[in-house]
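Written out below as structure tokens is the structure these notes cover.
The values are calculated or read from the model by the stated rules, or taken from the named source; none is laboratory data. What you see is a predicted model, and the numbers here were worked out from it, not measured in a lab. Note that we place each Cβ from the backbone using ideal geometry, even for glycine, and neighbour counts take in every protein chain shown. The accessibility values were calculated without ligands, DNA or RNA, using every heavy atom of the protein model including side chains. Shrake-Rupley method; radii C 1.70, N 1.55, O 1.52, S 1.80 Å.
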Amino acid sequence: MPYLKEVRFDWSKVSNSNKYPFNIPSISEVTSITFESDVTFFVGENGSGKSTLLEAIAHKCGFAYQGGGKNNIFAVDTVNDADFALEEILTLSWMPKLKDGFFLRAETFFNFAGYLDELAQDPWRGGHSVYLPYGGKSLNEQSHGEAFLSLFLNRFNQKGIYLLDEPEAALSPQRQLAFLIVMHQLIEKGNTQFIIATHSPILMGFPHAVIYDFDHCPLDKIAYKETDHYQITKRFLNDTEGYIKKLLNES
């Protein structure tokens, strides 16, 4: 069963509902979101609000904006006040509350890898032992996909909540399937909860997952085979030549 049970929105704290991020259509009328599965997906087009909400939940859980574990604090070039605004109206309901986990932001992942490299050069901050939870070597010495899988295989093996923003960004289809196996193994142990913002029809096919559709206003649950990701992919694969001709207006 999931550890994070519910996220509640207190709109009475919002002085200007026409200001970002409070004016995002998918969440502007939401009072609460429940988590009924160990795996929950946030899906929708770019700009639909899925990553914004995931980041706000991550901040509320105690993770830094740029990602990592709760004890990983490193600088990023730009952090906007609006990035933290949504967090201030959220209340998280736990049973029990978790103290560990990881927040993965694909776009800042190698900033995190560089942060680990800096720690590894300083014996007073852990030296090369900092690599142990990440496969024993620098994430920057691995390909993007290898580094992601190394993180999943080694760092995600303890009780925690794992918030992932578009993890498929570095994963080939084959490695996405490998990640599904990792997720299944971790869920079977009963130690983990995943909340994942994704565009991947492969990942969101995970059995018994709950999918929230951010293209629906307000956001609502959607069945896997009803998602645009599944429907478009299926039509494309079933008739690739015909789909491309229609798309490009070729006869």
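Amide H contacts of LYS5 (H built 1.01 Å from N, in plane; Pro and chain starts excluded): SER93, TRP94, MET95 sit under 5 Å, all sequence-distant by 5 or more or on other chains. Classify segment 121-167 as rounded, prolate or oblate from the Cα gyration tensor: take a ≥ b ≥ c as the square roots of its eigenvalues, call it rounded if a/c is under 1.5, otherwise prolate when a/b beats b/c and oblate if not. Verdict is oblate for segment 121-167.
Straight-line cross-link partners of LYS159 among the aspartates and glutamates, defined as a Cα under 16 Å from its Cα and at least 8 positions apart when in the same chain: ASP38, ASP100, GLU188. Taking all C-alpha pairs of the chain, those more than 28 Å from each other amount to 36 percent.
My understanding is that a pair violates if its Cα-Cα distance is over 29 Å; which of LYS50/LYS97; LYS13/LYS189; LYS19/LYS99 do that in this structure?
Details: LYS50/LYS97 23 Å; LYS13/LYS189 39 Å; LYS19/LYS99 32 Å.
Too far apart for the 29 Å limit: LYS13/LYS189; LYS19/LYS99.
Just add up the charged neighbours of GLU146: K/R +1, D/E -1, any other residue whose Cβ is under 11 Å from the Cβ of GLU146. Around GLU146, the charge tally is +1. Across segment 143-152, rounded Karplus estimates of 3J(HN,Hα) from the backbone phi angles (6.51 cos²θ - 1.76 cosθ + 1.60, θ = phi - 60°) give 5, 4, x, 5, 5, 4, 5, 4, 4, 5 Hz, Gly and Pro being marked x. Remark on VAL39: its backbone amide H falls under 5 Å from those of PHE194, VAL210, a criterion applied only to residues 5 or more positions apart or on other chains, H modelled at 1.01 Å from N.
With both residues required to sit in the chain, DSSP beta bridges show an antiparallel share near 35%. The alpha-carbon of LYS245 sits under 30 angstrom from the alpha-carbons of these lysines, leaving out residues fewer than 8 places away in its chain: LYS225, LYS234. Taken as Cα centroids, segment 172-251 and segment 11-58 sit 20 Å apart, rounded to the nearest whole angstrom. In this structure SER28 has an accessible area near 40 Å², from a 1.4 Å probe over the protein heavy atoms. Accessible surface of the chain, 1.4 Å probe: 49 percent of it comes from carbon and sulfur atoms.
With a ≥ b ≥ c taken as the square roots of the eigenvalues of the C-alpha gyration tensor of segment 134-251, please select rounded if a/c is under 1.5 and otherwise prolate if a/b is larger than b/c or oblate if it is not?
On the way: a/c = 2.58, a/b = 1.55, b/c = 1.67.
The shape class here is oblate.
Within straight-line reach of LYS221, meaning a Cα separation under 12 Å, sit the following aspartates and glutamates at least 8 residues removed in sequence or on another chain: GLU36, ASP213.
Structural descriptor for segment 83-189: relative contact order 32 percent, calculated from alpha carbon pairs under 8 angstrom and at least 6 residues apart. Across the chain, the mean sequence separation of Cα contacts (distance under 8 Å, 6 or more residues apart), normalised by length, yields a relative contact order of 26 percent.
Taken one residue at a time, the phi angles of segment 39-47 give Karplus couplings (6.51, -1.76, 1.60, θ = phi - 60°) of 10, 10, 10, 9, 10, x, 5, 4, x Hz. Gly and Pro are set to x.
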